[in-house]
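Visitor: Have a look at this one before I ask anything.
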Amino acid sequence: MFESSTVPRVYAVPPGTDFPRALIDGLRLRVKDHPPEALARVQLVVNTRRMARRVRELFDQGPACLLPRLSLVTDLGEGLDLAQLPPAIPALRRRLELTQLIAKLLEQQPDLAARSSLFDLSDSLAALIDEMQGEGVSPDAIRQLDVSDMSGHWARAQAFIGIADHFIDSGPDALDAQARQRRVVENLIDGWQAAPPQHPVVLAGSTGSRGTTLLLMEAVARLPQGALILPGYDFDQPDHVWQSLDDALASEDHPQYRFHKLMTRLGIKPNEIKRWTDDKAPSAARNRLISLALRPAPITDAWMSEGPRLTDLDDATKDLTLVEAQSPRSEALAIALRLREAAETGQTAALITPDRMLTRQVSAALDRWNILPDDSAGLPLQLSPPGRFLRHVAGLFARRLEGEALLTLLKHPLCHSGGDRGAHLLHTRDLELDLRRHGPPFPDSASLTAFTIRKEVPEGWVRWVNTQFCDQQVDGELPLSDWVMRLRNLAEAISASSEGETGTLWDKNAGQKALAVLTTLEDEAEYGGPMTAHDFADLLGALLAGEEVRDRDAPHPHIMIWGTLEARVQGADLLILGGLNEGSWPEAAAPDPWLNRQMRAKAGLLLPERRIGLSAHDFQQAVGAPEVWLTRATRSDDAETVPSRWLNRITNLLQGLPGQGGPEALSAMRARGRQWMQWSEQLEAAPRIDPAPRPSPRPPVAARPRRLSVTEIKRLIRDPYAIYAKHVLRLRPLDPLVQAPDALLRGIVIHEVLEHFVKDSVLDPALLTRENFLKRADALLNKHVAWPTARKLWLARLERITDDFLSAEIARRSDGGPVAFEAMMKLELTPLEFTIAGRADRIDHNSRGALRIVDYKTGIPPSETQQAKFDKQLLIEAAMAEQGAIQGFDPMPVAEAVFIGMGGTYKEVAAPLTKEPPDKVLAELKELISAYLEPDQGFTSRRMLHKDSDIGDFDHLARFGEWDRTDDTTPEVLE
């Protein structure tokens, strides 16, 4: 098929060309004058399975012919002549072994790294081992590096890299995938040197970015009938530019660097690479523009000399559209709108981006038109329903069961999927309400039993919840095999019904993929060793994150979403290159904890810029398509973005060519993008809705409350709307599901500590000691507070103020003592027919027969001014006491009322009984209540709050935020 040549045979196709189609066209052209079996003698080697599938699809479209022998670069070891090589060691096994060794190293030298970085370190070390094997770099080459200026870091890195020696030199019977692939290629090359194949061998689509592949490409190019076909080769790049690519440290990120490296290995010049077909590129003018724009940084001065020769900028940019959106959402909406037009007109269109968040937003926008794009990447397995379910179940082993974790699993669509799920969801709703009302923060068998008593819930369901969820936490280490068995058994039991019917956990594509991950982990578990529940949960999450799953729903045949890898082997009428910002495309180079750039270059390893160079080559190929969109968001969620370096170069070059119409061409590109942005904004346009007014409802007098507690008077003064919502609408806010040791719980516990301590000391004054107070506090904190950290913190705060409290308490005892605790109070306000009720924390009798009212505060006690105007609790209680409203007490004078602050410091604040005597307080209270019993008095929202930042339970109901305290109220008469 090929004429004999002394020069290695290398062909190429220009950027923008549909590579698989050009590949087949060139093969057909070269065998058209040969017998039909000539094509069948061709061995066609491609680099990905996607490429192989596309080649087969194009051959299937006709005309009829015998097919070439199609194989992958990675499948060359499947032949019988290479059967002596054992299978590669599974990657998971190597990872588990590395994890064990690194864990032991960290135990011996904990200052090397944090335990939390265990799996990240094993992943990066495994990647380094793969790279060393793929590039043919020995451990000696690493150890002999000159590190005189970084000896401290290098000593730590060598402690880890030394682990790699064992795996790299593990012998011919224990080869990793990369080591085996390199051995296969070396054996294949040795066989070809002894007996070179006489049939055509064509290796197509690879850029030679990895050492093993480059070795194979070099061997194929030197075969008698061997040939390489390169994708996206820049035929417009001058010789002096090719020569400037010699320095890898300066040129690795250039899109054509890998081809320069190949030419150097083969000893050929750029003009010796021939076109595979005579077909023109979709836009030769654009290819010239992009070639100049992407010149290596040291020689971008060529823009000044070569730029004026670009005389066809209109032709180069007429099918280019530049979209610069204000936000990622706007960018996604504009892309979706263009894809919708393509779907309606029958145009084949593809979005190409490595930004998975952008693809998800575009897919969501397309869903409004019932367009399901063919997403080549699919969904990460960890985000699929089975993946999330397994991670939640694994979390049960790692931590004490919380209400949030319990309900998260109970509400998961795969939970109780084997039986009556409707009844299960009803019981789950009842359990959630019960946990919000009654707790506890950490559900257990006792709380579930109490729930069964309070609600009519089937005992079988509660028993199932108790068995599967309670007491699953495991302390200490277990073998990995035990963890996998526990996870699988528990996940299947939770997925099944409470009657034992099999669930749907392993159904569908995602379930089968998740089961395969668990099965693989089970097979390799013996290499994992013992680990904690947290380590197992981290390992499971990392394994699930490394897999992807695609839905089985039939996607739209003409609308695709591709990653940059898929775009290399596909073709479309319209390509949308999205997310063109630094950090997204190109992606930021991953940090290497082992070797810096200079060390990698000296050792013969790949540079971090390699991935940027591959992305640059992908960009150069895609931007040469017939019609192209370039899109970016000028802002992310929280900051300004930086345009992609390639987009920046294109726009800067066009701006600098006014003589050739560059600025006008760029303006036209942006104008087309703005037009689509305006259309997309119309989709989001909504009619103006006036903000809600500040409410001041006026319910019927008969519906207004006739009873309030003493503490609610403060709320009636500051936020009357909250009283309306609670007593008229009868609303009650749900307690948070994620319970925390908040101020309310602290107040309850401290009140109980003080009550018990003071009661005991009244019966036995000898108990009025620091030791007894702290002992009582410690016991009650352990009883009521489920959080160890909060218990320690609150006890430490009490220790700080104990001496001050005891000193003040002893002084109070010298003038009488406690006679009642939690005393009930109730007063009928006549003639209003209104009841004020309350509960006094403590009542004392002084030596003169008068009362002292004491109220404990765990926060900051209100000042005398605040008590006089707003916080009238103690003043009202004093007035009620003098009216005989305390249960079991006759009317008696109140000599003192005092707040005792038990917060960070001990503090006492007395009520201003002299300035605010009981008769005055009682008269003002009647006046206040009387006002709110008038029909024209509204319950205004946030009437006199202390601070604008104060949050009320019913602010969302009042739609606070659409108005503020400067707005006038809008009374509303309610029937």
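The values are calculated or read from the model by the stated rules, or taken from the named source; none is laboratory data. On a predicted model such as this, the values are computed, not experimentally measured, just so you know. We place every Cβ from the backbone using ideal geometry, glycine too, and count neighbours over all the protein chains shown.
Visitor: Look through the range 506-530, keep the residues that are within 21 Å of PHE119 (Cβ to Cβ) and either touching a strand residue (DSSP E or B) at 6+ places or on another chain (Cβ under 6 Å) or among the polar types (S, T, N, Q) (or both), and return whichever of them is surrounded by the most Cβ atoms within 10 Å (Cβ to Cβ).
Guide: Taking the range 506-530 and keeping what is within 21 Å of PHE119 (Cβ to Cβ), we get 513-514, 516-530.
Those left that are additionally either touching a strand residue (DSSP E or B) at 6+ places or on another chain (Cβ under 6 Å) or among the polar types (S, T, N, Q) (or both): 513, 519-520, 530.
Working: LYS513: 20, THR519: 12, THR520: 16, PRO530: 14.
It comes out as LYS513.
Visitor: Something else: Out of the residues in the range 88-112 that are in a loop (DSSP other than H, G, I, E, B) and in contact (Cβ under 8 Å) with a residue 24 or more places away in the chain, which is nearest to VAL517 (Cα to Cα)? Full working, then the answer.
Guide: Keep residues of the range 88-112 that are in a loop (DSSP other than H, G, I, E, B), which gives 88-90, 109-112.
Still in the running and in contact (Cβ under 8 Å) with a residue 24 or more places away in the chain: 88-90, 109, 112.
On the way: ALA88: 18, ILE89: 16, PRO90: 13, GLN109: 32, LEU112: 31 Å.
Looking at the filtered set, the residue picked out is PRO90.
Visitor: Restricting attention to the range 868-927, which residues are polar (S, T, N, Q) and over 53 Å from the mean Cα position of the chain (by Cα)? Working first, answer last.
Guide: First, the residues of the range 868-927 that are polar (S, T, N, Q): 873, 883, 887, 905, 914.
Correct list: GLN883, GLN887, THR914.
Visitor: Against the condition assigned by TED's automatic domain parsing to the domain that holds GLN243, buried (at least 22 other Cβ atoms within 10 Å of the Cβ) and out of contact with any helix residue (DSSP H, G or I) (no Cβ under 6 Å at 6 or more places or on another chain), how does LEU294 come out, does it pass?
Guide: Working: assigned by TED's automatic domain parsing to the domain that holds GLN243: yes; buried (at least 22 other Cβ atoms within 10 Å of the Cβ): yes; out of contact with any helix residue (DSSP H, G or I) (no Cβ under 6 Å at 6 or more places or on another chain): yes.
Spelling it out, LEU294 is indeed assigned by TED's automatic domain parsing to the domain that holds GLN243, buried (at least 22 other Cβ atoms within 10 Å of the Cβ) and out of contact with any helix residue (DSSP H, G or I) (no Cβ under 6 Å at 6 or more places or on another chain).
Visitor: Among the residues of the range 921-975 satisfying the criterion of being polar (S, T, N, Q) and outside any helix (DSSP H, G or I), which is modelled with the lowest pLDDT? Break it down stepwise before answering.
Guide: Start the filter on the range 921-975 by keeping residues that are polar (S, T, N, Q), which leaves 930, 937, 940-941, 949, 966, 969-970.
When the remaining residues are screened for being outside any helix (DSSP H, G or I), the result is 937, 940-941, 949, 966, 969-970.
Working: GLN937: 95, THR940: 95, SER941: 95, SER949: 86, THR966: 90, THR969: 92, THR970: 90.
So the residue we want is SER949.
Visitor: Let me ask something else. Are any of the residues in the range 366-374 surrounded by 23 or more Cβ atoms within 10 Å (Cβ to Cβ), closer than 22 Å to GLU548 by Cα and charged (D, E, K, R)?
Guide: no
Visitor: Need at least 2 residues that are among the β-branched types (Val, Ile, Thr) per element, so show me which helices (runs of 4 or more DSSP H) inside the range 262-378 make the cut, counting only ones lying wholly within it.
Guide: Working: elements: 284-293, 302-306, 313-317, 328-345, 356-366.
Correct list: 328-345, 356-366.
Visitor: If you scan the range 939-962, which residues turn out to be touching a residue at least 60 places away in the same chain (Cβ under 8 Å) and not small (Gly, Ala, Ser)? Outline the logic, then answer.
Guide: In the first step, residues of the range 939-962 are kept if they are touching a residue at least 60 places away in the same chain (Cβ under 8 Å); the result is 939-946, 952-954, 957-959, 962.
Scanning the range 939-962 gives PHE939, THR940, ARG942, ARG943, MET944, LEU945, HIS946, ASP953, PHE954, LEU957, ARG959, GLU962.
Visitor: Let me ask something else about it. So which residues in the range 822-857 are in a strand (DSSP E or B), under 26 Å from ARG706 (Cβ atoms) and of a type in the set (Asp, Glu)? Full working, then the answer.
Guide: Initially, the range 822-857 is screened for residues in a strand (DSSP E or B), giving 822-829, 834-845, 851-857.
Next, from what is left, pick out any that are under 26 Å from ARG706 (Cβ atoms): 822-829, 834-841, 853, 855.
Result: GLU822, GLU828, ASP841, ASP855.
Visitor: Looking at (1) farther than 30 Å from GLN620 by Cβ; (2) in contact (Cβ under 8 Å) with a residue 24 or more places away in the chain, which one does ARG730 not meet, given that it meets all the others?
Guide: Failed condition: (2).
Visitor: Looking at the range 172-214 only, could you name the residues that are within 17 Å of ASN47 (Cβ to Cβ), crowded, with 20+ Cβ neighbours inside 10 Å and more than 43 Å from the chain's Cα centre (by Cα)?
Guide: Within the range 172-214, VAL201, VAL202 qualify.
Visitor: Turning to a different aspect of this structure: Can you tell me which of (1) within 34 Å of the chain's Cα centre (by Cα); (2) at pLDDT below 80; (3) among the aliphatic types (A, V, I, L, M); (4) crowded, with 19+ Cβ neighbours inside 10 Å is the one ILE142 doesn't meet?
Guide: All conditions are met except number (1).
Visitor: Has the range 793-800 got any residue that is closer than 17 Å to GLY884 by Cα, out of contact with any Gly (no Cβ under 8 Å at 6 or more places or on another chain) and touching a residue at least 60 places away in the same chain (Cβ under 8 Å)? Break it down stepwise before answering.
Guide: Step one: list which residues in the range 793-800 are closer than 17 Å to GLY884 by Cα, which gives none.
No, the conditions are met nowhere in the range 793-800.
Visitor: Looking only at helices (runs of 4 or more DSSP H) that lie completely in the range 687-789, which have at least 2 residues being surrounded by fewer than 19 Cβ atoms within 10 Å (Cβ to Cβ)?
Guide: Numbers: elements: 710-718, 720-723, 743-763, 770-784.
So the answer is 710-718, 743-763, 770-784.
Visitor: Of all residues being of a type in the set (A, V, I, L, M, F, W, C) and over 18 Å from GLN382 (Cβ atoms) in the range 474-489, which is surrounded by the most Cβ atoms within 10 Å (Cβ to Cβ)? Just the residue, please. Walk me through it before giving the result.
Guide: Filtering the range 474-489 down to residues of a type in the set (A, V, I, L, M, F, W, C) leaves 474, 478, 480, 483-485, 487.
If we keep only those that are over 18 Å from GLN382 (Cβ atoms) as well, we get 474, 478, 480, 485.
Numbers: VAL474: 16, LEU478: 16, LEU480: 24, MET485: 15.
Top of the filtered list is LEU480.
Visitor: Do you know which residues across the range 333-350 are modelled with pLDDT under 95 and under 26 Å from LEU614 (Cα atoms)?
Guide: Across the range 333-350, the qualifying residues are THR348, ALA349, ALA350.
Visitor: Quick one: in the range 228-247, of everything that is part of a loop (DSSP other than H, G, I, E, B) and out of contact with any helix residue (DSSP H, G or I) (no Cβ under 7 Å at 6 or more places or on another chain), which residue is nearest to VAL623 (Cα to Cα)? Please lay out each step first, then the result.
Guide: Let us first name the residues in the range 228-247 that are part of a loop (DSSP other than H, G, I, E, B), namely 231-238, 244-247.
Retained after the next criterion (residues that are out of contact with any helix residue (DSSP H, G or I) (no Cβ under 7 Å at 6 or more places or on another chain)): 235, 238, 246-247.
Numbers: PHE235: 15, PRO238: 20, ASP246: 26, ASP247: 26 Å.
The selected residue is PHE235.
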